[in-house]
Amino acid sequence: MEPPVKRNRIDDSINSITIKNQTGIDNLIDSIINSKNQPQIILGDEYYQTLPLIKVFIGHVKQPKDISKLFEILNDKLPLKHLLHLKRVRKKDILLSPVSFLNSDTQESIQEYIERNIPEIKDCFEYFREATVPLTPPLTRKQYMENLRHWSLNFHPNHYIETIMSDQPFKQSEARNHRIYMALTFEIVKWYFNIKSYEDILQSDFSAAVVVDPTINSVVTLAVDNRHEHPLQHPAMLAIDNVAKTQEGGVWKIDIDDTLKEDLKEKFKIQYGTRSGTAESPYLCTGYYVYLLREPCIMCSMGLVHARAKKIFFSLDTPLGGLKSKTKLQCIESLNHRFEVFTGFL
Amino acid sequence: MVDHMRRCLELAAEALALKEVPVGCVFTVNGQIIAESKNSVNATHNPTRHAEINCIDQILEYCRLNNIDYKLYFKNVIVYVTVEPCIMCAAALNNLNIREVVYGCPNDRFGGNTVLDVSNFYEQNYILNGNLLADEAMMLLKEFYKGINPNAPESKVKKDKKV
Ligand SMILES: [Zn+2]
Ligand SMILES: [Zn+2]
């Protein structure tokens with residue numbers, strides 16, 4: 001970790017980026033709150049990638065009336081096994097098997113294979129050809145649509161995934177809450193570190209955290225970066241400890257300035273409070289949303305897994321980030337807790 | 001080396017007696033123990049208070065009080081811990097550029113090497129060695145997960161410790 005080096009603006013060459021970077025911090029905060037864009041989820045790479053492809057043999061059928069018979073015989077003699085996302089038949093084409101299914105040492109052709117093993121259908125085909133088809137099932141409608149040109153596919157859209165990956169994953173009122181809580185992280189950093197512009201944000205590595213209990217739309221705790229004094233006291237780690245304090249625990253004696261808390265309450269019309277001590281007293285960060293100005297590092301990301309936070313939101317990527325940049329801890333299946341991660345506030 | 005791990009096992013047994021996940025840890029410089037701690041997640045209601053994090057905190061406080069540059073100090077630290085550091089602790093130890101970690105048994109649930117190899121993400125890495133008194137470390141963990149059953153005898157742990 002480097003100490004914060006506040007550099008002066010290197011040059012004043014006018015282009016759109018420098019103009020955006022010179023945006024005053026208050027304008028930036030306003031634009032976060034009033035943006036029409038919704039935060040976007042960060043899922044595993046498999047949801048965004050183009051599907052891997054494999055080569056298969058296709059048989060072009062002579063007589064359409066043979067298709068249903070061929071369908072049954074082939075499902076019995078040449079089952080598709082791991083390729084059940086592929087339809088067996090498209091018009092007069094029938095999917096036979098992956099090319100790799102034939103023993104490459106013997107150099108047997110698909111025609112010879114059928115003549116030898118399924119002689120009852122050997123005369124049903126006009127010709128055989130190879131085609132390229134997706135190896136794995138489409139996980140999203142987008143992947144489905146992109147791959148239809150290869151072959152007909154079975155696809156059962158996951159409605160939750162489709163909604164959460166859409167431009168509008170949240171209700172308008174909910175999206176506005178996310179933006180307000182994210183704006184708080186910028187306001188906190190502005191207050192503590194004399195941040196004046198977007199450029200100042202980009203030139204520093206300061207971050208802040210806001211923990212929210214969405215069931216009562218209330219701020220549970222706030223935290224601001226202290227990593228330059230104490231290398232463990234990143235905002236997420238401090239926030240987790242602050243949450244512990246609301247549950248009669250906690251270790252670190254550091255808190256957000258009371259005046260700032262009051263100012264934030266006034267300016268952003270938020271409320272503070274927890275369900276701790278009630279019948280629904282939360283366990284650790286279970287059910288809580290955590291808003292961070294920057295993507296948490298790997299230490300903090302895993303801390304948030306340990307804390308069982310429900311959703312994580314961040315604005316800026318960080319080089320050693322654990323939720324997008326270096327790795328996506330939210331995608332490791334074996335971890336006993338998983339949360340959803342969103343970005344895209346700027 | 002074995003003596004340091006024995007001390008870690010004592011600390012882990014203390015954690016177990018307090019119904020914490022039994023993990024104990026010592027930080028050493030030049031063979032001398034400079035910090036020691038155990039998992040204290042339940043006591044603090046803070047799920048990040050692992051033995052390693054507690055030790056790091058102790059050393060940072062020591063450095064602060066004695067005007068020592070912690071960045072230089074951690075470079076010479078060798079960590080002994082009964083269970084492979086989790087992803088969080090492994091990242092923290094990488095951030096601090098410590099020299100070496102010696103652990104007892106692997107951490108199949110959260111390990112910063114076993115579950116996700118955190119060393120891939122950092123340019124400088126500490127040396128990682130495992131399987132020192134692994135059976136003892138594992139026994140304590142098993143005792144704990146068995147002990148989630150409230151009828152499990154608590155005194156047995158303390159006797160085992162002396163073996
Ligand atoms: Zn961090
Ligand atoms: Zn740990």
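The values are calculated or read from the model by the stated rules, or taken from the named source; none is laboratory data. Everything numeric in this text was worked out from a predicted model, so none of it was measured. Glycine also receives a Cβ, built like all others from the backbone with ideal geometry; neighbour counts cover every protein chain displayed.
Some points to look at:
- B:Leu16 passes every criterion in (1) modelled with pLDDT under 95; (2) under 21 Å from B:Arg109 (Cα atoms) apart from (1).
- Scanning the stretch A:223-243 for residues being buried (at least 24 other Cβ atoms within 10 Å of the Cβ) and within 16 Å of ligand 2 (Cβ to nearest atom) gives a total of 5.
- Residue in the stretch B:126-135 that is within 13 Å of chain A (Cβ to nearest Cβ) and either out of contact with any Asp or Glu (no Cβ under 8 Å at 6 or more places or on another chain) or surrounded by 23 or more Cβ atoms within 10 Å (Cβ to Cβ) (or both) present: no
- The selection criterion, being more than 29 Å from the chain's Cα centre (by Cα), charged (D, E, K, R) and either surrounded by 20 or more Cβ atoms within 10 Å (Cβ to Cβ) or under 25 Å from A:Asp205 (Cβ atoms) (or both), does not hold for A:Lys265.
- Filter result for B:Asn67 (among the polar types (S, T, N, Q) and either within 14 Å of ligand 2 (Cβ to nearest atom) or touching a strand residue (DSSP E or B) at 6+ places or on another chain (Cβ under 6 Å) (or both)): no
- Residue match in the stretch A:272-281 (condition: more than 16 Å from ligand 2 (Cβ to nearest atom) and in contact with a Phe, Trp or Tyr (Cβ under 8 Å, 6 or more places away or on another chain)): no
- Top-ranked residue of the stretch A:243-252 - restricted to ones that are more than 7 Å from chain B (Cβ to nearest Cβ) and outside any loop (DSSP other than H, G, I, E, B), ranked as farthest from A:Pro296 (Cα to Cα): A:Lys245
- Members of the stretch B:121-137 that are charged (D, E, K, R) and under 18 Å from B:Pro22 (Cβ atoms): B:Asp135, B:Glu136
- Restricted to the stretch B:7-84, the set of helices (runs of 4 or more DSSP H) holding at least 2 residues that are within 14 Å of another protein chain (Cβ to nearest Cβ) and within 22 Å of B:Gly130 (Cβ to Cβ) comprises B:51-65.
- Residue count for the stretch A:253-303, restricted to those that are facing chain B (nearest Cβ under 9 Å) and in a helix (DSSP H, G or I): 6
- Among the residues making up the stretch B:78-114, those that are among the aliphatic types (A, V, I, L, M), away from ligand 2 (no atom under 11 Å from the Cβ) and either within 17 Å of B:Asn39 (Cα to Cα) or under 13 Å from the mean Cα position of the chain (by Cα) (or both) are B:Ile78, B:Val79, B:Val101, B:Val102.
- Test: residue in the stretch A:320-335 that is more than 14 Å from every other protein chain (Cβ to nearest Cβ) and either at negative phi or touching a residue at least 24 places away in the same chain (Cβ under 8 Å) (or both): no
- Restricted to the stretch B:85-111, and to residues there that are out of contact with any Asp or Glu (no Cβ under 7 Å at 6 or more places or on another chain) and under 10 Å from B:Leu128 (Cβ atoms), the residue that is nearest to the other protein chains (Cβ to nearest Cβ) is B:Ala90.
- Residue list for the stretch A:314-326, filter: within 11 Å of ligand 1 (Cβ to nearest atom), more than 17 Å from A:His337 (Cα to Cα) and not in a strand (DSSP E or B): A:Thr318, A:Leu320
- Hits in the stretch A:127-153 (condition: more than 17 Å from A:Leu84 (Cα to Cα) and assigned to a strand (DSSP E or B)): A:Tyr127, A:Phe128, A:Arg129, A:Glu130
- Selection from the stretch A:282-304 of residues that are within 16 Å of ligand 2 (Cβ to nearest atom) and surrounded by fewer than 24 Cβ atoms within 10 Å (Cβ to Cβ): A:Leu284
- Counted residues, the stretch A:304-313 - those being away from every other protein chain (no Cβ under 11 Å) and either assigned to a loop (DSSP other than H, G, I, E, B) or within 13 Å of ligand 1 (Cβ to nearest atom) (or both): 2
- Matching option when the condition is within 25 Å of A:Gly44 (Cα to Cα) and among the β-branched types (Val, Ile, Thr), among A:Ile114, A:Ile94, A:Ile164: A:Ile164
- Filter result for B:Val118 (farther than 23 Å from A:Lys253 by Cα and away from ligand 1 (no atom under 16 Å from the Cβ)): no
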